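Readers should treat all values here as calculations from the given coordinates under stated rules, not as data from a laboratory. The structure presented is a predicted model; accordingly, all values stated were derived computationally and were not measured. Methodologically, a virtual Cβ is constructed for each residue, glycine included, from the backbone with ideal geometry; neighbour enumeration extends over all protein chains shown.
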Amino acid sequence: MSFGSVDELLEAARDGLVRLTPDQAAEAVAGGDLIVDIRPEWQRRDLGEIPGSLVVERTHLEWRLHPSSDARLAQADTPRRWIVVCTEGYTPSLAARSLLSLGLDAADIEGGITAWRDAGLPVVAGPTAVEQLVAG
């Protein structure tokens, strides 16, 4: 499949994708879902991190979260929905679509960490080491 623009690619990725508001994402985490932060270190340092989220930079996401991958993280051994977050909510749509294509349950947060912060939800100073849970 070929797209004429990045906007078309993003629209196709979001077709049928569960997109959560920050409040819905916080509720989902309380029910066992896990937020995975795919931002690079400098963005996490500048904007902070969501307590309890798992840091996995975008380039390793599929390998670290697929339960049959030899490179998976321990968190991938528990079936769950992965809620992907970045700064403003564009890249996580593409990442969540990729996880869905691997048979994993995935969603993203509309507006990213910017919307999370604007909603008054907790943020802690970063950066947390890659492939670790954010303390908080």
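With a 10 Å radius around each residue's Cβ, average the other Cβ atoms per peptide and rank 47-58, 97-108, highest first. Show your work: numbers first, answer last.
On the way: 47-58: 20.7, 97-108: 18.6.
The densest-packed peptide leads the list: 47-58, 97-108.
So what's the net charge close to E110: Lys and Arg +1, Asp and Glu -1, counting the other residues with Cβ under 13 Å from its Cβ?
Details: positive: R14, R19; negative: D23, E88, D108, D118.
So the surrounding residues net to -2.
For semi-axes √(5λ) of the Cα gyration tensor in Å, which listed value, (i) 21, 18, 14; (ii) 31, 14, 11; (iii) 23, 20, 16, comes from the coordinates shown?
(i)
Place the peptides 126-136, 78-88 in order of packing, highest mean first, counting for every residue the other Cβ atoms within 10 Å and averaging per peptide.
Values: 126-136: 15.9, 78-88: 20.0.
Packing proxy ranking, top to bottom: 78-88, 126-136.
Net charge near L34, counting Lys/Arg +1 and Asp/Glu -1 over other residues with Cβ under 14 Å of its Cβ? Present the calculation step by step, with values, prior to reporting the outcome.
Details: positive: R64, R72, R80, R81; negative: E27, D33, D37, E49, D77, D105, D108, E131.
Summing Lys and Arg as +1 and Asp and Glu as -1 gives -4.
May I ask what percent, to the nearest 5, of DSSP beta bridges between residues of the chain are antiparallel?
Values: 2 of 15 bridges.
Of all bridge pairs located within the chain, approximately 15 percent are antiparallel.
In debye, nearest 20, what is the charge dipole magnitude of segment 51-136 about its Cα centre with +1 on Lys and Arg Cβ and -1 on Asp and Glu Cβ, if you could check?
Numbers: 7 positive and 10 negative charges, 16 e Å.
My answer is approximately 80 debye.
Residues with beta-carbon under 15 Å from that of P67, excluding P67: net charge, scoring Lys, Arg +1 and Asp, Glu -1?
Working: positive: R64, R72, R80, R81; negative: E62, D70, D77, D105.
Counting the neighbours of P67, the net charge comes to 0.
Ordered by residue, what ³J(HN,Hα) values in Hz, to whole numbers, does segment 37-45 give under the Karplus form 6.51 cos²θ - 1.76 cosθ + 1.60, where θ = phi - 60° and Gly and Pro are x?
3J(HN,Hα) across segment 37-45, in whole Hz: 9, 9, 6, x, 3, 4, 6, 5, 5.
About the Cα centre of segment 1-96, what is the dipole size in debye to 20, counting +1 per Lys and Arg Cβ and -1 per Asp and Glu Cβ, all else neutral? Write out the running numbers ahead of the final one.
Details: 10 positive and 16 negative charges, 47 e Å.
Roughly 220 debye, rounded to the nearest 20.
Which residue, S5, L20, L61, has the largest displacement toward the positive end of the dipole of the chain when charges sit on each Cβ (Lys, Arg +1; Asp, Glu -1)?
L61
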